[in-house]
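Just below is one structure, and these are the notes that go with it.
The values are calculated or read from the model by the stated rules, or taken from the named source; none is laboratory data. Because the structure is a prediction, the values reported are computed rather than measured. Here the Cβ is made from the backbone with ideal geometry for all residues, glycine too, and neighbour counts use every protein chain on show.
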Number of protein chains: 2
Amino acid sequence: MTDSVKALVFDVFGTVVDWRSSIIADLEAFGGAKNLKADWVGLTDAWRAGYQPAMDRVRKGELGWTHIDVLHRMVLDKLLVEFKVEGLSEADKDHVNRVWHRLKGWPDTVEGLTRLKRKFIISTLSNGNTSLLVNMAKYAGLPWDCVLSAETFKAYKPDPKAYLGAAEVLGLKPAEVMMVAAHNSDLVAASKQGLRTAFVARPGEYGPRQTKDLKAEHKFDVVATSFVDLAAQVGA
Amino acid sequence: MTDSVKALVFDVFGTVVDWRSSIIADLEAFGGAKNLKADWVGLTDAWRAGYQPAMDRVRKGELGWTHIDVLHRMVLDKLLVEFKVEGLSEADKDHVNRVWHRLKGWPDTVEGLTRLKRKFIISTLSNGNTSLLVNMAKYAGLPWDCVLSAETFKAYKPDPKAYLGAAEVLGLKPAEVMMVAAHNSDLVAASKQGLRTAFVARPGEYGPRQTKDLKAEHKFDVVATSFVDLAAQVGA
């Protein structure tokens, strides 16, 4: 089933990096340095909760193509008011917004990617914008062969253009590309376009109260507990 | 002048890889294995000579967007007749065409890029298509942070869209990006869009009879003899 796979393309937020712990730690340190108290955990969760609705505005055509740094900032500006975080300069706000460029991998991420890279082309296929993904790779030591983004195709997953575009620019048939994600819906959408699928559970992504994506809910080609387990299962 | 530079973007054919020696060696080995005799040196030079005219057809709108693998194949099919290379199967022709994915770096390439990557984002900015560049990076061990291609922007250099598009997707101002090339014309075009420029001489690119691009003919920000020299000059 996976013998024909030549490239693995990865969802990033949650699948490759632990955005929640990374952002909470970064904002708590920022708040400490600025002597600002706030509910950073609540702000982080609310920020992420605003992510899909913001992309929906682009998906529905309410907004023209708008990349994630800009969408994150739109959501952040509202949340700074709601969470009563006051006195930030424009430079501060930009620094906070770019926390999404400073996310750390899960403990197995770098080891797993490094093994997978020996056998496969490994690329991002994320709704994050290219510069976010490139800066994150430098920060977290992610050894991508290629950085593909919704921005590359001007289409947010689960738009078929993103999955088919990735296969096309890699010069591969959809069945030669495996989507790796911690989210059932991303893999179902990839599968509909003919890509292979690998589910890697990240039950801590949304913190202790996570209720969804705790396990694979469909028949995916591979179901793994970590990137190292994924590498072992695909012979890398 | 170069203190504000955050990313280096590289022309690839000739600047990063020695296409001529790589292709001649590959085709001679292929011919040997197939017991085919031909003027492989002449075919290689004619193939490269057909590259700009083929892109010109796209630049002028005679052809819709067509990437380099397809343009290379169009030129190759004519040259196989002209050079009387007969009896190739479709798989053989595809293998020959993909020789452009199997090019080797100059002796200083990997060491120089590895040093530069410590201080800067390093990306391709090539007229080669994405899959060609990704496969070449695997083959030649090129440690790119990002693979940007004319295909990303649907515009062949020296179209301003390619240079400005690279800065935009990297989230940088043009002056924060330095174009690295062995070709004066590429750097002049990059400079017109506000990018910084580094000329690295590759006087052997076109073989012993090379007549152009033997040296920097304009005032570029850096003029270097190799990628290792470039790294030293920019403090990487």
Worksheet item: Is it the case that the stretch B:98-114 has a residue that's closer than 14 Å to B:D11 by Cβ, more than 12 Å from chain A (Cβ to nearest Cβ) and part of a loop (DSSP other than H, G, I, E, B)?
Response: yes
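For (1) more than 15 Å from the chain's Cα centre (by Cα); (2) of a type outside the set (S, T, Y); (3) under 16 Å from B:A181 (Cα atoms), each residue gets a yes or a no:
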| residue | (1), (2), (3) |
| --- | --- |
| B:D108 | yes, yes, yes |
| B:T124 | no, no, yes |
| B:N135 | no, yes, no |
| B:P143 | yes, yes, no |
| B:E151 | no, yes, no |
Item to complete: Mind listing whichever residues of the stretch B:157-181 are more than 14 Å from chain A (Cβ to nearest Cβ), surrounded by fewer than 22 Cβ atoms within 10 Å (Cβ to Cβ) and touching a residue at least 40 places away in the same chain (Cβ under 8 Å)?
Response: B:D159, B:A175
Worksheet item: Quick one: A:K117 ticks every box in (1) under 18 Å from A:A25 (Cβ atoms); (2) in contact with a Pro (Cβ under 8 Å, 6 or more places away or on another chain) bar one, so which box is it?
Response: (1)
Discussion item. Among the residues that make up the stretch B:209-223, is at least one of them in a helix (DSSP H, G or I) and either in the same structural domain as B:I68 (by TED's automatic domain parsing) or charged (D, E, K, R) (or both)?
Written reply: no
Fill in: Residues within the stretch A:186-208 that are surrounded by fewer than 22 Cβ atoms within 10 Å (Cβ to Cβ), in a loop (DSSP other than H, G, I, E, B) and touching a helix residue (DSSP H, G or I) at 6+ places or on another chain (Cβ under 9 Å), tallied
5
Fill in: Conditions (1) at positive phi; (2) without any contact (Cβ under 8 Å) to a residue 40 or more places away in the chain; number of the one not met by B:K84
(2)
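Sort out which residues of the stretch A:147-156 are touching a residue at least 24 places away in the same chain (Cβ under 8 Å) and either surrounded by fewer than 24 Cβ atoms within 10 Å (Cβ to Cβ) or more than 10 Å from chain B (Cβ to nearest Cβ) (or both), and write them in order of number. Please lay out each step first, then the result.
We begin by selecting, within the stretch A:147-156, every residue touching a residue at least 24 places away in the same chain (Cβ under 8 Å); these are A:147-151, A:154, A:156.
Listed by number, the residues that qualify are A:A150, A:K154, A:Y156.
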Worksheet item: Looking at (1) more than 21 Å from A:P143 (Cβ to Cβ); (2) touching a residue at least 24 places away in the same chain (Cβ under 8 Å), which is the one condition that is false for B:V70?
Response: (2)
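Would you pick out the residues in the stretch A:150-185 that are touching a Gly at 6+ places or on another chain (Cβ under 6 Å) and either outside any helix (DSSP H, G or I) or among the acidic types (D, E) (or both)? Reasoning before the result, please.
Here is the first cut: in the stretch A:150-185, the ones touching a Gly at 6+ places or on another chain (Cβ under 6 Å) are A:153, A:174-175, A:182.
Of everything in the stretch A:150-185, just one residue is touching a Gly at 6+ places or on another chain (Cβ under 6 Å) and either outside any helix (DSSP H, G or I) or among the acidic types (D, E) (or both), namely A:A182.
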Practice prompt. Filter the stretch B:40-72 down to the residues that are more than 14 Å from chain A (Cβ to nearest Cβ) and among the hydroxyl-bearing types (S, T, Y), then identify the one that is nearest to B:K93 (Cα to Cα).
Written response: B:T44
Item to complete: For the stretch A:121-134, indicate whether the set of residues that are farther than 23 Å from B:L132 by Cβ and in contact with a His (Cβ under 7 Å, 6 or more places away or on another chain) is non-empty.
Response: yes
Item to complete: Give me the pairs, please: first residue somewhere in the stretch A:24-51 and free of Cβ contacts under 8 Å to residues at least 60 places away in the same chain, second residue anywhere and acidic (D, E), beta-carbon distance under 7 Å, and either six or more positions apart or on two chains.
Response: A:W40/A:E28
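Which count do you get for residues in the stretch A:64-78 that are more than 21 Å from the chain's Cα centre (by Cα) and farther than 16 Å from A:D159 by Cα? Full working, then the answer.
Step one: filter the stretch A:64-78 for residues more than 21 Å from the chain's Cα centre (by Cα), giving A:64, A:77-78.
With the extra rule that they be farther than 16 Å from A:D159 by Cα, the set shrinks to A:77-78.
Qualifying residue count for the region: 2.
Yes or no, residue by residue, for (1) under 16 Å from the mean Cα position of the chain (by Cα); (2) closer than 19 Å to B:E86 by Cα:
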| site | (1), (2) |
| --- | --- |
| B:S4 | no, no |
| B:V16 | yes, no |
| B:E28 | no, yes |
| B:L43 | no, yes |
| B:A46 | no, yes |
Worksheet entry | Check on B:V223, without any contact (Cβ under 8 Å) to a residue 60 or more places away in the chain, more than 10 Å from chain A (Cβ to nearest Cβ) and either farther than 21 Å from B:L103 by Cα or not basic (K, R) (or both) | yes
Fill in: Of the criteria (1) in contact with a Gly (Cβ under 6 Å, 6 or more places away or on another chain); (2) more than 11 Å from chain A (Cβ to nearest Cβ); (3) under 24 Å from A:V70 (Cβ atoms), which one B:A140 fails
(3)
